[in-house]
Each structure stands twice: as C-alpha cells, then as structure tokens.
Amino acid sequence: MRAIAVLLFITTLQFPARAAWADQIDSLSKTLENDPSEKARISAGLALAKRNDPRSLAPFIRALTDQSHVVRGLAATALGHLGDLRAIPALEKALSDDNETVRNRARAAIDLLRPRPRGDSELTAGPVPTRARITPREPPIRGRLHVVVNQMGVKARSAHYLTGRMRDLVVSELASAPDVSIDGDGDSLHQFIVDGSITRLSRDTNGPWTEITCEVTITVSNSRGAILSIVSGGATVQTSRGASLSRPVEEALQAEALDNAVRGAHENLYSFLMRQGGGAK
C-alpha cells in the first residue's frame, strides 16, 4: 500500500538556515549520531536534511536505530529525499520499527527511492489545500515555547478511532521543532494550548477511483483560553474502484489520509509558533 504524493515532514523546515552551518556536514553528523541530547540530535538532523548532501547518507542510515522515534522518523524522511538507493535495505528494516510513524515514513521513503509501476490496486494521494486563519494577540516571545497538546476531538463519527493517532502525530511533529517543548511547564507567556479535531472523513467515488478524504482543524490558544490561531488541512487517498475494500484496507486508507492532512496543517501551525518567537534569543 503506498501513496504517490505525500506531504512529508521535511516540508516543514521553514526556519532560517544558519550561514555558519553551510559546510559543517561532518560536525552535524557527529552531533546527530553521538549527542546525548535528543533535541540536539533532532536539530542536527534537520540541518543535515535541509542541505540534502550525499555525505549525510551514512549518518542518516545509522540514525534509523536512534533511541528517539522522532530522530528515526526524521532520518527515514531525509533518506527518501537524498535519492540514494543504497538506503533501501536500511529503510526496509525500519518497516518493522515499533513506532508507527517511523514505519510510515520509512515506507514513504522507499516509495520515493523505488517507485512502483501504476497498477489497479495502487493508491494515489493528493492534498486538499491547507487553510489558516491567524490572529495573533500576544506580544512576541523570546526563548523556548512550551506547548500542551490536548486530546483531539472529532466531528465525523466514523473517525472517532483515529483521534489518538492524530494527537500522536501532532505531538511528534511539534517535538521535532527547535525551541518547542511538549509539556505543561513555563509561565503563561510561554505556554500554548493545542487542540484539534477531525472535521471530515468520507468515502466517495470519482470516475474509476474510490476516494477517502480526511480534513482536520488545529487550534492554538494561550494559557488564558484565548484562541490565537486556527489552521486546517486535508488530504485525499485514492484506490481503484475495482480493488477490494475490506474494513482493514479502508481503515489503512483513512489513516493515510489523516497523516497527510495533519502534516499539511502542521506547516501553518509551525509557522505561527515561530512568529511567536520560537528560536528567538
């Protein structure tokens, strides 16, 4: 089962690159592999991924066994974008990772490196444009942002079983952002509350395709409950109308659509948090 157009985590790398890192592949690789701080390894991995340098192939392959699932998922996505077929054996091993997000990213990376010919049972996925309504009411924050991620809600009854998956993905995406911590610490100026909801989960037919569409909304509030930003995203996954659509297959398609919808919304969520001062000194 695979998706053609996946909104990958790597697309959220919007923070400015530091000129001093322009030719520090070796240094960043050592940090990715050896630094005891998960945050430092994530930051080094993000910087390496943004450079897309072939010298980072081996460090990213080794990072697939990192103790942090965030680092492992980042490494899988980066290897897909490097375009080096030598990463495939390591990515295939990552398909049995105990973390679902890592498995999904390894599968997506393999699909980028070794695309399969189109067939009747092949899946395609396309994004629904993300939308954002941003009305910041807070003064800029200097320093680390503390974010609390609440349980996700659902407006589409059939999507109730996916709310835990949505929260896990939101947490995973935010945890990989520099100067953002996922906890309840920090004073009121540094704390944001993230809520979300699955607003649509539908199955439709479109010509020769059966389409599964998922749409999500994510809300950011301050610690006093004032809503600061609302972002939304969506994705559609297609499969041939002639293909078998058992309940497990349909649920897998729904999960794929949800993952892509959340990653699309995350781009705007991340941009909003950075505007609040994430990464500022």
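Computed in the context of the full set of protein chains, the accessible area of region 187-231 at 1.4 Å probe radius has 49% of its extent on carbon or sulfur. Projected label points at residue 88 and residue 249, each 7 Å from Cα along the beta carbon direction, are separated by 2.5 nanometres.
From most to least packed by mean Cβ count within 10 Å, the peptides 55-67, 150-162 give 55-67, 150-162. Of the peptides 210-216, 96-102, the order by per-residue mean of other Cβ atoms within 10 Å, starting with the highest, comes out as 210-216, 96-102. Summarising the amide proton neighbourhood of residue 152: residues at separation of 5 or more, or on other chains, whose placed amide H is nearer than 5 Å comprise 167. Once the C-beta distance of residue 38 and residue 99 is scaled by a Förster radius of 22 Å, the resulting FRET efficiency is 0.95 to the nearest 0.05. Model label points for residue 206 and residue 226, set 7 angstrom from Cα along the Cα-to-Cβ axis, are 4.0 nm apart.
Skip the ligands, DNA and RNA, and give the accessible area per residue of region 151-273 with a 1.4 Å probe, whole Å².
That works out to 38 Å² for each residue.
Near residue 209, the amide H atoms lying under 5 Å from its own belong to 241; only residues 5 or more places off or on other chains count, and H is placed 1.01 Å from N. In order along region 223-232, the Karplus-derived 3J(HN,Hα) couplings, from 6.51 cos²θ - 1.76 cosθ + 1.60 at θ = phi - 60°, round to 5, 9, x, 7, 6, 9, 7, 10, 10, 9 Hz, and Gly and Pro are given as x. A simple rule links phi to the HN-Hα coupling: the Karplus curve 6.51 cos²θ - 1.76 cosθ + 1.60 with θ = phi - 60°, which for region 79-86 gives 5, x, 7, 5, x, 9, 5, 5 Hz, with x for Gly and Pro.
The values are calculated or read from the model by the stated rules, or taken from the named source; none is laboratory data. Remember, predicted model here, so these are calculated numbers, not experimental data. Cβ coordinates were reconstructed from backbone atoms using ideal geometry, including for glycine residues, and neighbour counts include every protein chain displayed. These accessible areas exclude ligands, DNA and RNA; they are computed on the full protein's heavy atoms, side chains included. Shrake-Rupley method; radii C 1.70, N 1.55, O 1.52, S 1.80 Å.
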